[in-house]
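See below for the structure under consideration.
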Amino acid sequence: MFPFQIRPDQALSEIQEFGTKLSRGLQTLNEIGDIDVGCTEKESVYTEDKLTLYRFKPLVEKLNPVPVLIVYALVNRPYVADLQKNRSLVRGLLAGGLDVYLIDWGYPDSADRFLSLNDYINGYIDRCVEVLRKRYSLDKINLLGICQGGTFSLCYSAMHADKVRNLITTVTPVDFHTPQDLLSHWVRKVDIDLLAETTGNIPGKMLNWTFLSLKPFRLSGQKYLDMVNTLDDPVLCKNFIRMEKWIFDSPDQAGEAFREFIKHFYQNNELIKGEVMIGEKNVDLENITMPVLNIFATDDHLVPPAASKALRKYVGSADYSEIEFPGGHIGIYVSGKAQQMIPPSVTSWLAAR
């Protein structure tokens, strides 16, 4: 005996209702037009290879005198931080009086196959920091790292503490071997040398489907069934497709940098051991003595809270703060709750320092 029963007439009614919603939704999809992403006006202030350094147009007259440089991950595209006007971490920071810059890594191709972590961190990031130091006649700037970009920011701050005034990390992995880290358990079994040597650059599509496979029912099935209930609303429909556009906008990864990141961080967990070498420099988290604000998400399936909260134990800063966001890895940037919580917290934290 099944614990619940569905009468044939109920099933038929639900199927007919689903078909009607789907039909109306197809009409909506035909009429909504182009899907725009990245809502805030910005200008390019520096370019190098595939990289572009952007400055966002300020929204207020009185600005914090120390600019903030956002360092995004190499995976996916950074416009998730500025997805649309009512879902934009960037606009929230601008509204709080911050002067915001962002590194856009672009789309690596075969010419970038042998770029290393040293090229990205001691090369590209450092030169972007130098642009801002010169532009503002400052010794130190503020860094805000997102996910893998947060790990890059930790490495950079440990090696170049003299150039970073305040460090903010968001959903950033630090301890890569925490028990609930499913992605880490998977990646530790991969022959990363063979993968990099076989593919050259690592296909973005392959990585994207790996992330989706962490929650296959929710991320690859249920959300599309739920979508049918909102397809007749053009605004909600656009919001959904805008997120889908970002999710599947997955650049390939420079093969050598990917190999190094997986081996040093995911497989060997060298960051918390003080054993990561970037070029000729050692990454010792105890060298991070500037103020640190670490923001993590309670329901993060990519970077479990424990993986991020470990930072407190290893940094050398006497001014360490945490913010716990009640949501997921992406919701921390695009949800309505995040807009009310994260940008004001960051701006007030920086203003106090």
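Just so it is clear, none of the values below were taken in a lab; they were calculated from the coordinates. Everything quoted here is computed from the prediction, not taken from an experiment. Cβ sites come from the backbone with ideal geometry, for glycine too, and all protein chains shown count toward neighbours.
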(request) Evaluate the distance, in nm, between pseudo-label points positioned 7 Å from the Cα of ASN208 and of GLU43 along their respective Cα→Cβ axes. (result) 3.3
(request) Using the number of other C-beta atoms within 10 angstrom as an exposure proxy, rank TYR320, TYR107, TYR156 with the fewest first. (result) TYR107, TYR320, TYR156
(request) State the extension gain, in nm to one decimal, for the chain segment bounded by ASP299 and ALA352, taking 0.36 nm per residue of separation less the distance between their alpha-carbons. (result) 16.2 nm
(request) Could you pull out every residue, at least 5 positions away or on a different chain, whose amide H is within less than 5 Å of the one on ILE141? Hs are placed 1.01 Å off N in the peptide plane, and Pro or chain starts have none. (result) VAL164, ARG165
(request) Within 10 Å, count the other beta carbons around each residue, average over each peptide in 186-193, 332-339, and list them highest first. (result) 332-339, 186-193
(request) Go ahead and collect, in residue order, the members of region 163-198 whose backbone nitrogen is under 13 Å from a label point 7 Å along the Cα-Cβ direction of LYS313. (result) 174-180
(request) Would you mind ranking CYS39, CYS147 by Cβ crowding within 10 Å, fewest neighbours first? (result) CYS39, CYS147
(message) Taking R0 as 35 Å, what FRET efficiency do you get between ASN30 and THR199 from their Cβ-Cβ distance, rounded to the nearest 0.05?
(response) 0.40
(request) List every residue whose amide H lies under 5 Å from the amide H of ILE70, counting only residues 5 or more places away in sequence or on a different chain, with H placed 1.01 Å from N in the peptide plane. (result) TYR101, LEU102, ILE103, LEU144
(message) For the pair ALA161/ALA95, report the inter-label distance in nm, with labels modelled 7 Å from Cα in the Cβ direction.
(response) 3.7
(message) Can you work out the Karplus-derived ³J(HN,Hα) for every residue in region 43-51? Use 6.51 cos²θ - 1.76 cosθ + 1.60 with θ = phi - 60°, whole Hz, and x for glycine or proline.
(response) 10, 7, 10, 6, 9, 7, 6, 7, 7
(request) Taking P(r) over Cα pairs in 20 Å bins from 0, in percent as the quantity of interest, determine which of [x] 28, 56, 14, 1; [y] 33, 61, 6, 0; [z] 22, 32, 20, 17, 8, 0 was computed from the displayed structure. (result) [x]
(message) How far apart, in nanometres, would the label points at LYS85 and GLN10 be if each is projected 7 angstrom from Cα along the Cα-to-Cβ direction?
(response) 4.4
(message) Which of TYR120, TYR314, TYR136 ends up with the largest GNM mean-square fluctuation for the chain, with Cα atoms connected below 10 Å?
(response) TYR136
(request) Give the angle, between 0 and 90 degrees and rounded to the nearest 10, that separates the Cα long axis of helix 336-351 from the longest principal axis of the Cα atoms of the chain. (result) 10
(request) Enumerate the residues in region 34-48 having an amide nitrogen under 20 Å from the point lying 7 Å beyond the Cα of VAL60 toward its Cβ. (result) 40-42
